[in-house]
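What follows is a single structure, written as structure tokens, with notes after it.
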Protein chains: 2
Amino acid sequence: MGGDFGPAIVVAGAEIARERYPDLRFRIYGRAEAVREALAHAPRVAAEAELIDVEGVVLNTDKPGQAIRRARGTSMGLAVDAVKSGTASACVSAGNTGVLMALAKLALRTLEGIDRPALVALMPTIKSESVVLDLGANTECDAENLVQFAVMGAAFARTVLGLDRPKVALLNIGEEEMKGTEKIRDAANLLRAAGSDLPLIFAGNIEGNGIAEGVIDVIVTDGFSGNIALKTAEGTARLVTGLLQNAFRQSLWTRIGYLLSRPALRALRDHLDANNHNGGVFLGLNGVVVKSHGSANARGFANAIGVARDLVIKDIHARIKTDMANFSAHRPGPRPAVGAA
Amino acid sequence: MGGDFGPAIVVAGAEIARERYPDLRFRIYGRAEAVREALAHAPRVAAEAELIDVEGVVLNTDKPGQAIRRARGTSMGLAVDAVKSGTASACVSAGNTGVLMALAKLALRTLEGIDRPALVALMPTIKSESVVLDLGANTECDAENLVQFAVMGAAFARTVLGLDRPKVALLNIGEEEMKGTEKIRDAANLLRAAGSDLPLIFAGNIEGNGIAEGVIDVIVTDGFSGNIALKTAEGTARLVTGLLQNAFRQSLWTRIGYLLSRPALRALRDHLDANNHNGGVFLGLNGVVVKSHGSANARGFANAIGVARDLVIKDIHARIKTDMANFSAHRPGPRPAVGAA
């Protein structure tokens, strides 16, 4: 029921995903009438999906704190519960991010060895795309959180991008070791010491301008800086493409120039299109919950479903648990109170 | 002697600035031989500038901590000292940012009412440009620092952008009041309470994607997030323009399309060109010190000189002192130990 377009986009996205991956089966939680209307245009999904009629919905204006009790009985709450009970392998929603996160944490709890889940997603780079986390789940983080994000982000890059040993770096205001905050330096020391025990290459610090260069596969930061970086990148991409549109409208010649360049410009737009990088994941929980961008189109929602399928089939949680246990067994210095057994 | 191109660009920039503002007079600190070579192509500056021959230079690899004692005797150190002694009204340098900041703090001390100076600069927006601070001088900041940055940033916008009552917002991960860290919420409360006592309009929170929209004139944040935002924006702009170049190279048609659109695309490039927004200022010190981008060209360096001239002529420090005194006189709750008298 969530997102800017409700069931229409969700069901159409499921239809595209079903065509791509015939092994998928859907349970659709929402108001039956609205969902059925959408299913009329989605024969594949209509033929096999189970529709669970739920009256209550989470609104975009709901706050995680107040709304959480009521939210458990909504379509979003029941979809998350289905992951908890094992009725579903994963939950994909285009709804309210904060409430989805709160519901997922409450129902699924964090993985062994992980103190806090992180919101992870892909950002476009000049080469292809890179993993960035945390994008806003944790406003403030300590060194342990950042290390756990690094391990989870690397597992995500191996799973979704198919990399063997992803390059991981900490987002910082300089590349030198002594830059930034104490928690970043502590996290760097822990990751450096872990060395070859982890299936990742720790590459030190990366600055904001390095994200788009695509040299680093996994960029690790707290939820505040990650959110600022993600949204500043979105805003800047919109600024440049907006200026570009104005430029092409300037004269008859530039309009002809635009027409001649259109196929190539379409490739540029596709490369930057958020739908092609869609699917934010709450990583570090006992279950797969994927957040589709509220403004995603059907193809974008299908991509978010594809991410969920990847994480389930390649069992990302087993990878994270193994890596965290490995890291904890070899970590230098005293172990913190909360850690992998 | 600093920046990627040394005296050649600095002197050429001074020549352009002198042409724009015939009231300017220059003192040039550096190795006489190298400076004289550059002066051969800059008749206006050569005719009036005083050349102070200094052997020692600050290197880009120097660290502020270690180098500071040695740095005081370099061309950069003596140029900053000239501001302290009143021999010069302002210092403009393209050299090592960290060392310039350290030298400026040491020689000039902070203004009454200001605990810490901030690095401020202009970022391009779809409308024109906005003021952003702190861009990296203070990795961590408290609510008092953020409020002082807001007052200083507003004074900067009035001085350099010529606005009457600039709109000021705090960079945050959501627009709602309860978002972000405690220090941001505290700063927001202080600014809201100051109300009409300050020559600014406090507009609450702004997210990263809002920076490029140009609706807010002054964006206030700590040096970590500010640096991440600035550099992520630079990197994203480079990503999009890089993809655009690739797009135009794709076929004969796109090449022709490029040729037809070139004048309009040049306007786009100019709008984003860092040289047109050049001149980072260490705001909050008893003296004007402006940092030119290391890769700036002569026009860019001339723009940085123009910023320095604006700040001196319009006496930004008097504005900041008045505003801080006003704010302190009307602030709610107990005053902190350090504050305006």
Checklist line | Residues (over 26 Å from A:Gly86 (Cβ atoms) and in contact with a strand residue (DSSP E or B) (Cβ under 9 Å, 6 or more places away or on another chain)) located in the range A:4-37 | finding: A:Gly6, A:Glu33, A:Arg36
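Picking from A:Arg70, A:Arg44, A:Arg116, which residue would you name as being in a loop (DSSP other than H, G, I, E, B) and in contact with an Asp or Glu (Cβ under 9 Å, 6 or more places away or on another chain)?
It is A:Arg116.
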Notebook entry, point to check: Quick one: in the range B:242-258, which of the residues that are of a type in the set (A, V, I, L, M) and at the interface with another protein chain (Cβ under 7 Å from one of its Cβ atoms) is surrounded by the fewest Cβ atoms within 10 Å (Cβ to Cβ)?
Noted result: B:Ile256
Checklist line | In the range A:106-122, the residues that are of a type outside the set (D, E, K, R) and open to solvent by 30 Å² or more (accessible area, probe 1.4 Å) | finding: A:Leu106, A:Thr110
Item checked: Unique match (being exposed (fewer than 14 other Cβ atoms within 10 Å of the Cβ) and under 21 Å from the mean Cα position of the chain (by Cα)) among A:Asp4, A:Asp23 -> A:Asp4
Next item on the list: Out of A:Arg116, A:Arg69, report the one residue that is free of Cβ contacts under 8 Å to residues at least 12 places away in the same chain and charged (D, E, K, R).
Entry: A:Arg69
Next item on the list: Only residues that are more than 9 Å from chain B (Cβ to nearest Cβ), out of contact with any Pro (no Cβ under 9 Å at 6 or more places or on another chain) and more than 20 Å from A:Ile9 (Cβ to Cβ): list them for the range A:267-287, please.
Entry: A:Asn286, A:Gly287
Next item on the list: Return the only residue of A:Gly210, A:Gly180 being crowded, with 18+ Cβ neighbours inside 10 Å, modelled with pLDDT of 95 or more, under 18 Å from B:Ala229 (Cβ atoms) and within 14 Å of another protein chain (Cβ to nearest Cβ).
Entry: A:Gly210
Checklist line | the range B:123-167, subset within 17 Å of the chain's Cα centre (by Cα), over 30 Å from A:Leu244 (Cβ atoms) and among the small types (Gly, Ala, Ser), residue most open to solvent (accessible area, probe 1.4 Å) | finding: B:Ala137
Check: Just a yes or no: is a residue in the range B:223-241 within 9 Å of another protein chain (Cβ to nearest Cβ), open to solvent by less than 20 Å² (accessible area, probe 1.4 Å) and not in a helix (DSSP H, G or I)?
Finding: no
Notebook entry, point to check: What about B:Ala12, is it within 21 Å of the chain's Cα centre (by Cα) and either open to solvent by less than 50 Å² (accessible area, probe 1.4 Å) or more than 12 Å from B:Val99 (Cβ to Cβ) (or both)?
Noted result: yes
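What about B:Ala38, is it of a type in the set (Gly, Ala, Ser) and surrounded by fewer than 16 Cβ atoms within 10 Å (Cβ to Cβ)?
no
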Check: What is the number of the single condition among (1) within 30 Å of B:Thr254 (Cβ to Cβ); (2) within 13 Å of chain B (Cβ to nearest Cβ); (3) among the aliphatic types (A, V, I, L, M) that A:Ala298 does not meet?
Finding: (2)
Next item on the list: Go through (1) modelled with pLDDT under 95; (2) in contact with a helix residue (DSSP H, G or I) (Cβ under 9 Å, 6 or more places away or on another chain); (3) charged (D, E, K, R) one by one and return the number of the condition A:Asp4 breaks.
Entry: (2)
Next item on the list: Taking B:Ala88 as the residue in question, decide whether it is open to solvent by less than 40 Å² (accessible area, probe 1.4 Å), within 16 Å of B:Val288 (Cβ to Cβ), touching a Lys or Arg at 6+ places or on another chain (Cβ under 9 Å) and part of a loop (DSSP other than H, G, I, E, B).
Entry: yes
Note to self: Between a residue in the range B:229-255 that is closer than 14 Å to B:Met123 by Cβ and without any contact (Cβ under 8 Å) to a residue 60 or more places away in the chain and any residue that is open to solvent by 10 Å² or more (accessible area, probe 1.4 Å) and charged (D, E, K, R), which pairs come within a Cβ distance under 7 Å, given they are 6 or more apart or on different chains?
What the structure shows: B:Lys231/A:Glu207; B:Gly235/A:Glu213
Notebook entry, point to check: Just to be sure, is A:Arg20 in contact with an Asp or Glu (Cβ under 8 Å, 6 or more places away or on another chain) and at pLDDT 95 or above?
Noted result: no
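The values are calculated or read from the model by the stated rules, or taken from the named source; none is laboratory data. Being a predicted model, the structure only gives us computed values, none of them experimental. Here Cβ is always computed from backbone atoms with ideal geometry, including for glycine, and neighbour counts include all displayed protein chains. The accessibility values were calculated without ligands, DNA or RNA, using every heavy atom of the protein model including side chains. Shrake-Rupley method; radii C 1.70, N 1.55, O 1.52, S 1.80 Å.
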